[in-house]
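The values are calculated or read from the model by the stated rules, or taken from the named source; none is laboratory data. Predicted model only: the values in this text are computed from it and were never measured. Positions of Cβ are backbone-derived with ideal geometry, glycine not excepted, and every protein chain shown enters the neighbour counts. With ligands, DNA and RNA removed, areas are computed over all heavy atoms of the protein, side chains included. Shrake-Rupley method; radii C 1.70, N 1.55, O 1.52, S 1.80 Å.
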Amino acid sequence: MARAIRFDEYGDVEVLRVEDVPRPVPGPGQVLVEVRAAGINPGEASIRKGLLHSRFPATFPSGQGSDFAGVVASLGEGVSDIAVGDEVIGFVETRSSHAEFVVAEAANLTPKPEGVPWEVAGSLFVAGTTAYAAVGAVCPREGETVVVSGAAGGVGSLAVQLARLAGATVIGLAGEANHEWLRELGVIPISYGEGVLSRIRDAAPSGVDAFVDTFGSGYVELALHLGIHPGRINTIIDFAAAEKYNVKTDGNAAAASADVLRELGLLLDKGLLELPVARVYPLDEVRNAYRELEQRHTRGKIVLRP
């Protein structure tokens, strides 16, 4: 048997529980991984609450989670380029990584670089690939200026760095508690809230070229007020505004591959990218982990450790 997160109905964190389930068995082309760390994400909270039922309906009893890193425990038929004992980063599309063991497609795994801590590797997939796609969608170039909302969150904290690596000047919208950290990354921090439009214009007197919105709450409209072309605005959350104004919505699905995971892992290993981890919770405290996540004030990722 193995422990895994389950819920039987839509609702708040109280519907989550840790349950003993049969240890999963990998099928052809699959790998069983003993999970060492698994990130949690806002989209999972929305699915659990039923807010995304029309797009991502749950089948009960439901598992949870897509991010993970761990050690290969066994191989399914036909898997030859991975060995038992390998340390890997991966993802699943079966809502099942918040568990002691997870079955993943071999094609969705990449080696974990030795220098990347478990909690970082295990929380890389959703935030990393979403940031990768969102920044790629707005095509930052050397000498341009890019604004990122939610700049200290799980996705935003990576998006500001990827835009910097592309050569852009980056303005990050975040609470004052995160300003010094953003400055250390070479980002110009600006507080959100009333007057933010004027503060951005003061920080970018020559104008803003692109906008990555990871937070919602009117930032698409703010980007348009800044005079940014809709084709260089990307939101990962405000889909109503995206449809209304014809801006981009590239996110996790646009970059969900082992190749992107490998690239991001190597950037982390070389010290060119930093993924901050706000807190690590044991699996038994999954409810508290999501309570903290849903406050939307953490820097970086919240992680489960089975």
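Binning the C-alpha pair distances of region 67-134 at 10 Å intervals from 0 yields a P(r) profile of 20, 55, 23, 2 %, listed from the shortest bin outward. Beta-bridge orientation, the chain: approximately 55 percent antiparallel, per DSSP, counting only bridges with both partners inside. 3J(HN,Hα) couplings calculated from phi for region 226-235 with the Karplus curve 6.51 cos²θ - 1.76 cosθ + 1.60 (θ = phi - 60°) are, in sequence order, 6, x, 7, 5, x, x, 10, 10, 10, 10 Hz; Gly and Pro show x. Counting only Cβ charges, +1 for Lys and Arg and -1 for Asp and Glu, the dipole size of the chain around its Cα centre is about 400 debye. In the chain, taking the dipole from charged Cβ atoms about the Cα centre, the farthest positive-side position among 45, 151, 189 is held by 189.
Sorted on the mean count of surrounding Cβ atoms within 10 Å across their residues, most packed first, peptides 33-42, 193-202 read 33-42, 193-202.
I'd like the projected area of region 241-303, averaged over all directions, using the convex hull of its alpha carbons. Report it in nm² with one decimal. Before the final figure, lay out each step's value.
Working: hull surface 26.2 nm².
Convex hull of Cα atoms, orientation-averaged projection: 6.5 nm².
Ranking 127, 109, 96 by how far each Cα lies toward the positive end of the dipole of region 36-171 (charges on Cβ) leaves 127 at the top. Of the GluC sites (Glu not before Pro) found in region 94-181, the ones in coil according to DSSP and having at most 14 other Cβ atoms within 10 Å of their Cβ are 114, 142.
Rolling a 1.4 Å probe over the protein heavy atoms gives the chain an accessible area of 44 Å² per residue. Amide H contacts of residue 37 (H built 1.01 Å from N, in plane; Pro and chain starts excluded): 69 sit under 5 Å, all sequence-distant by 5 or more or on other chains.
Around residue 200, under 14 Å between beta carbons, what's the net of Lys plus Arg minus Asp minus Glu among the other residues? Neighbour charge sum, excluding residue 200 itself: -3. Put simply, when 205-216, 271-282 are sorted by average Cβ atoms within 10 angstrom per residue, most first, you get 205-216, 271-282. Rounded to the nearest 20 debye, the dipole magnitude of region 149-306 is 100 debye, with +1 charges on Lys and Arg beta carbons, -1 on Asp and Glu beta carbons, and the Cα centre as origin. Taking Cα centroids, how far is region 86-136 from region 1-47 in Å? About 14 Å separates the Cα centre of region 86-136 from the one of region 1-47.
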